[in-house]
Amino acid sequence: MDLGFEVDQRGDYTVLAVRGEVDVYTAPRLRERLIELVSQGSHQVVVDLEGVDFLDSTGLGVLVGGLKRLRSHDGDMILVCTQPRILKVFEITGLTKVFSIHDSVESATAA
């Protein structure tokens, strides 16, 4: 399955909506997109994972790397995810303590 992105600006936040499967094959494209956003000056990023069908450890690594990159620029990354199978990946790995995870882009950008 292919990976798609949509970028939107909501106030101070750049919203990156991700669609498709984030795995060992597609994760490098997500990494490139996050690096591109940071280099363009986006330091408050909301990653909307509602359109993600599958997320593996490579995808998690890209998100953690993106968070580190943003924090080194005094920024932050907020995730939007309500899908139980994707949330479970964050819970099992303990990343719910690392990421702020919201149930909608609206609640993420209001935080």
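When the stretch 50-96 is examined, which residues are found to be closer than 15 Å to residue 29 by Cβ and either in contact with a Lys or Arg (Cβ under 8 Å, 6 or more places away or on another chain) or of a type outside the set (D, E, K, R) (or both)?
Residues satisfying the conditions are 51, 52, 54, 55, 58, 59, 61, 62, 63, 65, 66.
Looking at residue 51 and the list (1) of a type in the set (Gly, Ala, Ser); (2) more than 19 Å from residue 11 (Cα to Cα); (3) free of Cβ contacts under 8 Å to residues at least 40 places away in the same chain, which single condition is not satisfied?
Of (1) of a type in the set (Gly, Ala, Ser); (2) more than 19 Å from residue 11 (Cα to Cα); (3) free of Cβ contacts under 8 Å to residues at least 40 places away in the same chain, only one is false for residue 51: (3).
Select from the stretch 87-107 the residues that are more than 12 Å from the chain's Cα centre (by Cα), surrounded by 13 or more Cβ atoms within 10 Å (Cβ to Cβ) and of a type in the set (A, V, I, L, M) and list them in ascending order.
87, 89, 95, 98
Just give me the residues in the stretch 4-29 being over 17 Å from residue 81 (Cα atoms), hydrophobic (A, V, I, L, M, F, W, C) and surrounded by 13 or more Cβ atoms within 10 Å (Cβ to Cβ), in sequence order.
27, the sole residue that qualifies.
Each row is one residue, and each column tells you yes or no for (1) modelled with pLDDT of 95 or more; (2) part of a helix (DSSP H, G or I); (3) crowded, with 17+ Cβ neighbours inside 10 Å; (4) in contact with a strand residue (DSSP E or B) (Cβ under 9 Å, 6 or more places away or on another chain).
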{"site": "31", "(1), (2), (3), (4)": "yes, yes, yes, no"}
{"site": "35", "(1), (2), (3), (4)": "yes, yes, no, no"}
{"site": "45", "(1), (2), (3), (4)": "yes, no, yes, yes"}
{"site": "48", "(1), (2), (3), (4)": "yes, no, yes, yes"}
{"site": "51", "(1), (2), (3), (4)": "yes, no, no, yes"}
{"site": "61", "(1), (2), (3), (4)": "yes, yes, no, no"}
{"site": "64", "(1), (2), (3), (4)": "yes, yes, no, no"}
{"site": "68", "(1), (2), (3), (4)": "yes, yes, no, no"}
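The values are calculated or read from the model by the stated rules, or taken from the named source; none is laboratory data. Note that the structure is a prediction, hence the values are computed from the model and not measured. Counting neighbours? That spans all protein chains shown, and the Cβs are built from the backbone with ideal geometry, glycine included.
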